[in-house]
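Presented below is the structure to which this report refers.
The values are calculated or read from the model by the stated rules, or taken from the named source; none is laboratory data. Nothing here was measured: the structure is a model prediction, and the numbers come from that model. Glycine also receives a Cβ, built like all others from the backbone with ideal geometry; neighbour counts cover every protein chain displayed.
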Amino acid sequence: MRPLLLFLCCLACTAASLAGGTGALDQTIARLRSQTPVATSEKQEIEAAVSAALSADPADPRAKYARALLDRSNGNAKTAKEAVEALAKAYPERAEYHATLGTLCFESINDAGTFEKMSLASKGRAEYEKAIELDPNLVEPYVGLGRFYLMAPGYAGGSYKKAEEQARLLIAIPEGKGELFGRSLLADIYADKGQWELVQEQYQLAEKAPGATTGYAFRAYATALLNKKKDPAAALVVLEKYQAVASPDDASPWYLTAEAKRALGKLDDAIAMYNKVLTINAAAVNSRYSLAETLEKVGRFGDAATQYKEFASRFPSDPRAAKATEAAARCQGKAK
C-alpha cells in the first residue's frame, strides 16, 4: 500500500478557505487547520490563547477543538483524534469536526495494524462524506477523499476516475475557494499517469487560482519533477523561475535546488544551496541532515561531523538523531 500519511500535503492553504468566523478563537482554529508551518514564537502565542479560552469556558467546544488542533500540531495525534471524535459525536451538525476526524483517521493509518488500517480508512471516508453532506463548500473533505482515491490501491478503493471527480468538485466550489487544491490534485493524477504536459498545464492554472501564494505552482511542479518523474534537470529549469519570484524568507527554492543538484551529482553546488537554506532558516531539519550527508560524501569529514552534531542537538526527537550522533563520531574519527 502506498503511504497514506501524505493525504493533506497540499493543504498549505489560506485559513479563510478552511474555517469561517472572524473571532480570535476562529482565527486561531483557521490558522491551525491551514497545516502551514507554525513558528515557535507563534505557537507560544497560540498556546496562550487556547489556554485562556479554555480557562474562560472549559466546556466551550470551539476551545476544545482548538486544543485538539494544537495537540495535533505538536505531534499528539492520538490525543487529538480522541478529542475530535468526542466533538463530532456531541455536535454532529458541525462539518469541520467530521472533516478533521476524517483527516486524523488517515494520519493514523501508518501506525496501525493491517486490519485496523482498513477500519480507519473506512471511517475516514465516512467522516469526509458526512462533512461534505453538511457543508458542500468545505475544502478539506474533498481534498482528503481525492487523495485517498489517488493514493490507495485499487482493491482498497483507489481510483483515478474518483480522484478526478473530487478535483472537479473542488474547482466548482464558489468563489474559487477550492480551485488551487483541485488543480493541484489534477496535476498529481496526471503525474501518476506520466502525462507531464497536462501536469504543467494544471500547475500554470493553479498559480493563478485564488489563494495561491507566489511561487506555489513552481514549487509543486518542481517537487513533482524531482520525486515522481525523477528528472532533476527539468526541475532546475522550473526552480530558476521560482527563485526569481520567491520572497527573501522562502527557503524552498534553494532546498529543492540543492536536492536537484545532489541528484545530478553536483555535490559542491548542493552544499552551497543547503547552506543558503540554513542561512534563511537555521531550523530547516532536512537541509541540515542532507548537508551533513553531502559533506561526508565529498570527504569534508570535520565539517560533516559539525553538522551531524548540530542536527542531533537541535532535533533530538527526530528519528535520525541517533544515526546523526553515530555519523558525527565516524566523521570525527576520519577527520583526524
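Only one of ASP192, ASP231 is acidic (Asp, Glu) and without any contact (Cβ under 8 Å) to a residue 40 or more places away in the chain. Can you tell me which?
Working: ASP192 fails: without any contact (Cβ under 8 Å) to a residue 40 or more places away in the chain.
Criteria check complete, one pass: ASP231.
Name, by its number, the condition in (1) under 30 Å from VAL139 (Cα atoms); (2) aromatic (Phe, Trp, Tyr); (3) buried (at least 24 other Cβ atoms within 10 Å of the Cβ) that does not hold for TYR274.
(1)
So which residues in segment 118-163 are in a helix (DSSP H, G or I) and of a type in the set (S, T, N, Q)? Can you show your working first?
At the first step, the residues of segment 118-163 found to be in a helix (DSSP H, G or I) are 118-134, 139-151, 154-156, 160-163.
Passing the criteria: SER119, SER122.
State all residues of segment 23-40 that are assigned to a helix (DSSP H, G or I) and at pLDDT 75 or above; if no residue qualifies, say none. Spell out the reasoning first.
Let us first name the residues in segment 23-40 that are assigned to a helix (DSSP H, G or I), namely 24-33, 40.
Correct list: ALA24, LEU25, ASP26, GLN27, THR28, ILE29, ALA30, ARG31, LEU32, ARG33.
Taking segment 287-335, which residues are out of contact with any helix residue (DSSP H, G or I) (no Cβ under 7 Å at 6 or more places or on another chain), among the polar types (S, T, N, Q) and either over 29 Å from ASP250 (Cβ atoms) or not in a helix (DSSP H, G or I) (or both)?
Passing the criteria: only SER317.
Conditions tested, residue by residue: (1) in a loop (DSSP other than H, G, I, E, B); (2) under 23 Å from LEU150 (Cα atoms); (3) not aromatic (Phe, Trp, Tyr).
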{"position": "GLU165", "(1), (2), (3)": "no, yes, yes"}
{"position": "ALA220", "(1), (2), (3)": "no, yes, yes"}
{"position": "LEU226", "(1), (2), (3)": "no, yes, yes"}
{"position": "LYS230", "(1), (2), (3)": "yes, yes, yes"}
{"position": "ALA234", "(1), (2), (3)": "no, no, yes"}
{"position": "LYS261", "(1), (2), (3)": "no, no, yes"}
{"position": "ASN275", "(1), (2), (3)": "no, no, yes"}
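Which number in (1) farther than 20 Å from TYR97 by Cα; (2) in contact with a Pro (Cβ under 8 Å, 6 or more places away or on another chain); (3) surrounded by fewer than 21 Cβ atoms within 10 Å (Cβ to Cβ) marks the one condition that GLU129 misses?
Single failed check for GLU129: (1).
Going through segment 217-227 one residue at a time, which ones are touching an Asp or Glu at 6+ places or on another chain (Cβ under 8 Å) and exposed (fewer than 15 other Cβ atoms within 10 Å of the Cβ)?
To start, the set of residues in segment 217-227 that are touching an Asp or Glu at 6+ places or on another chain (Cβ under 8 Å) comprises 217-218, 224-226.
Scanning segment 217-227 gives no hits.
Consider segment 232-258. How many of its residues are basic (Lys, Arg) and surrounded by 16 or more Cβ atoms within 10 Å (Cβ to Cβ)?
If we filter segment 232-258 for residues that are basic (Lys, Arg), which is where we start, we get 241.
Those left that are additionally surrounded by 16 or more Cβ atoms within 10 Å (Cβ to Cβ): none.
Count: 0.
Tell me which residues, restricted to segment 137-192, are over 23 Å from LEU226 (Cα atoms) and hydroxyl-bearing (Ser, Thr, Tyr).
Within segment 137-192, TYR142, TYR155, SER159 meet the criteria.
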